[in-house]
Each structure stands twice: as structure tokens, then as C-alpha cells.
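The values are calculated or read from the model by the stated rules, or taken from the named source; none is laboratory data. This structure is a prediction, so every number in the text was calculated from the model and none was measured. Positions of Cβ are backbone-derived with ideal geometry, glycine not excepted, and every protein chain shown enters the neighbour counts. Areas reflect the complete protein model, heavy atoms only, side chains present, ligands, DNA and RNA absent. Shrake-Rupley method; radii C 1.70, N 1.55, O 1.52, S 1.80 Å.
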Amino acid sequence: MSADSADDTGLLEVVLTKAGRTKIRYPAALLSDDGTRLTVRAPWAAEGVRDFGFVRFEPGDVFTEHYWRDRWYAVKEVRSGDGTLKGWYCDITRPAVRSGAELTVEDLDLDLWLSADGKDVLRLDEDEFAASGLAESDPDAAAAALAALAALETLARTNAFDTLLA
């Protein structure tokens, strides 16, 4: 049972913010909310295709997204429209906040990619994180973000990533 509702069915609006501004908002089906971890499912919400070189996000892709109220990351399982697992995209974020039908998450620039076969573990956007100034403006948050990235990378490299989602 959720901290917000006795009925954990329906839609949530996911609001991803960055540097105090809304980056994207999209509807997602609420799959579960145990008071600590929320899981939602949503189609690729951005316009068109986003090709990162190591993976393409495109219309038809489906994201099963796991958010925590007590952890500094979100883990997004990415599948193509035919159900083929592409991998996991992990955003380093402040802990998620749910208020009614809205789930707000603040992106802290750092990301991690784990390919479906487990062979590719990529730390992403470290330059953006450094340029964000978070280390100077909120050193505790910066330290938590770096610790979260290191923890996710360790799980990915030791084939223990699935323990997060069990």
C-alpha cells in the first residue's frame, strides 16, 4: 500500500526537473508503490528518436521505471516495442517525491547505462555534473550523487544489478 493512496492503480504524472526547471513531464501507469519504491510504466515520452550511440530510444519503446524515496537514483528498464530488452538507463537524482498523482524527481546530471547483455557499463554525463556547480552549491548532494553512481556501477559490474529490482 502506498503512503499516498490505498489504491495503487491508475496514472501518475512523472515530472523530471533539472536545475530548478521542468525538463519533461509525462503520464505513466502506476504499477506499485510500497511507500519506499514506486514503479511506473510509460512509453518513450520525448519527440522522435534519441540516439546515444550505444542505444537508441525511439517511439514504441517502453520504460519500466523504478523510483525510490530514500535513494539517489532511478532505474529505467528499456524495452523496444516488440518487448526486446535494450538495457537499463539509470538517472542519478534526488530521492523521488510523490504528491497525489504527481511524482517529481530532480535529475543531477549523472547517468549510468547497463546493456541488456551486461557487457556495457557506461558512466555518462560526468562533464555536465562537474559543470553544474552542485559540488560548490550543495556539497552533500554532490557527494550523495557520486556515491549513488558508484553503488550502481558496482552492482552492474558484479552482475548483482537485478537485486535492485527484486
Report the residue count in the stretch 81-124 for those that are exposed (fewer than 15 other Cβ atoms within 10 Å of the Cβ) and farther than 25 Å from ALA147 by Cβ. 10
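So, of the residues in the stretch 11-55 that are of a type in the set (Val, Ile, Thr) and in contact (Cβ under 8 Å) with a residue 60 or more places away in the chain, which turns out to be nearest to LEU134 (Cα to Cα)?
The extreme case among them is THR17.
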For GLU47, work out the one condition from (1) modelled with pLDDT under 95; (2) in contact with a Phe, Trp or Tyr (Cβ under 7 Å, 6 or more places away or on another chain) it doesn't fulfil. (2)
Between a residue in the stretch 104-115 that is more than 11 Å from CYS90 (Cα to Cα) and assigned to a strand (DSSP E or B) and any residue that is open to solvent by 10 Å² or more (accessible area, probe 1.4 Å) and charged (D, E, K, R), which pairs come within a Cβ distance under 6 Å, given they are 6 or more apart or on different chains? GLU106/ARG94
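If you go through the stretch 32-45 one residue at a time, how many are in a loop (DSSP other than H, G, I, E, B) and not small (Gly, Ala, Ser)?
The number of residues fulfilling the criteria is 3.
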Looking at THR158, is it over 18 Å from the mean Cα position of the chain (by Cα), of a type in the set (Val, Ile, Thr) and open to solvent by 50 Å² or more (accessible area, probe 1.4 Å)? yes
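Quick one: count up the residues across the stretch 155-166 that are closer than 21 Å to THR36 by Cβ and assigned to a helix (DSSP H, G or I). Reasoning before the result, please.
Taking the stretch 155-166 first, the residues closer than 21 Å to THR36 by Cβ are 155, 160-166.
Checking the rest, the ones that are also assigned to a helix (DSSP H, G or I) come to 155, 161-164.
The total comes to 5.
Among the residues of the stretch 46-68, how many are in a loop (DSSP other than H, G, I, E, B), within 20 Å of LEU112 (Cβ to Cβ) and of a type in the set (A, V, I, L, M, F, W, C)?
To start, the set of residues in the stretch 46-68 that are in a loop (DSSP other than H, G, I, E, B) comprises 46-49, 52-55, 58-61.
Then keep just the ones that are within 20 Å of LEU112 (Cβ to Cβ); that gives 46, 52-55, 61.
So of that shortlist, the ones also of a type in the set (A, V, I, L, M, F, W, C) come out as 46, 52, 54-55.
Final tally of qualifying residues: 4.
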Condition met for ALA130 (among the small types (Gly, Ala, Ser), open to solvent by 50 Å² or more (accessible area, probe 1.4 Å), within 10 Å of LEU110 (Cα to Cα) and in a helix (DSSP H, G or I)): yes
